[in-house]
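The values are calculated or read from the model by the stated rules, or taken from the named source; none is laboratory data. What you are looking at is a predicted structure, and each value in this text was computed from that prediction instead of being measured. Every residue, glycine as well, gets a Cβ built from its backbone with ideal geometry; the counts of neighbours run over all protein chains shown. The accessibility values were calculated without ligands, DNA or RNA, using every heavy atom of the protein model including side chains. Shrake-Rupley method; radii C 1.70, N 1.55, O 1.52, S 1.80 Å.
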Amino acid sequence: MKRIGCTGHQTLSVATRQRVVEAMMVELSDLQEDVLGVTCLAEGADQAFALAMLARGGRLHVVIPSKDYESSFRSNEARSAYNSLLQLATSRSEMDFSTAGEDAYLAAGQEVADQSDILLAVWDGRPTGGKGGTADIVAYARQRGMDVRIIWPPGSTRQ
């Protein structure tokens with residue numbers, strides 16, 4: 001079984017989310033074996049990845065950054081999507097942080113990478129705005145010698 005992790009920006013435009021799902025479907029279609037998607041189910045890239053993984057017939061393992069992670073979602077739509085996708089997950093693990101924040105996000109992102117054979121990174125190539133962002137997780141995965149595949153389709157934008 002191949003384990004595919006995901007890291008990426010949370011603030012993607014609606015059109016970018018669609019492009020990202022399409023690009024992920026192409027990446028995932030190249031894999032001939034059973035796949036397990038590893039993700040934190042954050043808004044944006046993580047949730048798009050989960051949808052692509054489930055559409056492909058894969059399974060999900062969710063790494064929950066903190067005990068209060070659900071309350072960190074900014075919109076009811078993102079929180080509802082998180083809860084729906086979490087119910088579809090095959091398994092989950094929770095990091096040992098009581099509150100969501102940069103330390104929890106960094107640890108959870110590193111855990112996603114540690115549990116993956118390939119890391120899909122929905123990333124525009126720019127530096128992280130805070131500790132634990134996409135650039136940090138990509139750097140961590142590359143430092144470990146992982147297969148990191150950048151997904152940033154032409155015309156993609158962050159909000």
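Odds and ends about this structure:
- Scanning the range 73-90 for residues that are at pLDDT 95 or above, hydroxyl-bearing (Ser, Thr, Tyr) and over 15 Å from the mean Cα position of the chain (by Cα) yields SER80, SER84, THR90.
- Candidate set from the range 3-24 (those that are of a type in the set (D, E, K, R) and closer than 22 Å to LEU86 by Cβ); member that is modelled with the highest pLDDT: ARG3
- Of SER116, SER93, all but one fail to be of a type in the set (Gly, Ala, Ser) and surrounded by 13 or more Cβ atoms within 10 Å (Cβ to Cβ); the exception is SER116.
- Out of ARG92, ARG74, ARG142, sole residue that is under 20 Å from LEU12 (Cα atoms) and either assigned to a helix (DSSP H, G or I) or charged (D, E, K, R) (or both): ARG74
Per-residue answers, yes or no, for (1) under 19 Å from GLY130 (Cβ atoms); (2) free of Cβ contacts under 8 Å to residues at least 12 places away in the same chain:
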site	(1), (2)
VAL14	no, yes
VAL21	no, no
GLU33	no, no
PRO65	yes, no
ASN76	no, yes
SER80	no, yes
LEU86	no, no
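- Some residue of the range 117-129 being among the basic types (Lys, Arg) and modelled with pLDDT of 95 or more: no
- Which numbered condition LEU86 misses (of (1) closer than 18 Å to VAL38 by Cα; (2) open to solvent by 20 Å² or more (accessible area, probe 1.4 Å); (3) among the hydrophobic types (A, V, I, L, M, F, W, C)): (2)
- For beta carbons closer than 7 Å, sequence separation of 6+ or different chains, a first residue in the range 135-149 that is among the aliphatic types (A, V, I, L, M) and a second that is open to solvent by less than 30 Å² (accessible area, probe 1.4 Å) and assigned to a helix (DSSP H, G or I), the qualifying pairs are ILE137/GLY109; ILE137/ALA113; ALA141/ALA113; MET146/ALA113; VAL148/VAL138; VAL148/ALA141.
- Residues in the range 101-137 that are of a type in the set (A, V, I, L, M) and in contact with a helix residue (DSSP H, G or I) (Cβ under 9 Å, 6 or more places away or on another chain): ALA104, LEU106, ALA108, VAL112, ALA113, ILE118, LEU119, LEU120, ALA121, VAL122, ILE137.
- Scanning the range 24-62 for residues that are within 23 Å of ASP124 (Cα to Cα) and among the hydrophobic types (A, V, I, L, M, F, W, C) yields a total of 15.
- For the range 25-42, taking the residues that are modelled with pLDDT of 95 or more and not β-branched (Val, Ile, Thr), the one that is surrounded by the most Cβ atoms within 10 Å (Cβ to Cβ) is identified as GLY37.
- Hits in the range 93-114 (condition: closer than 12 Å to THR7 by Cβ and in contact with a strand residue (DSSP E or B) (Cβ under 7 Å, 6 or more places away or on another chain)): ALA108, GLY109, GLU111, VAL112, ALA113
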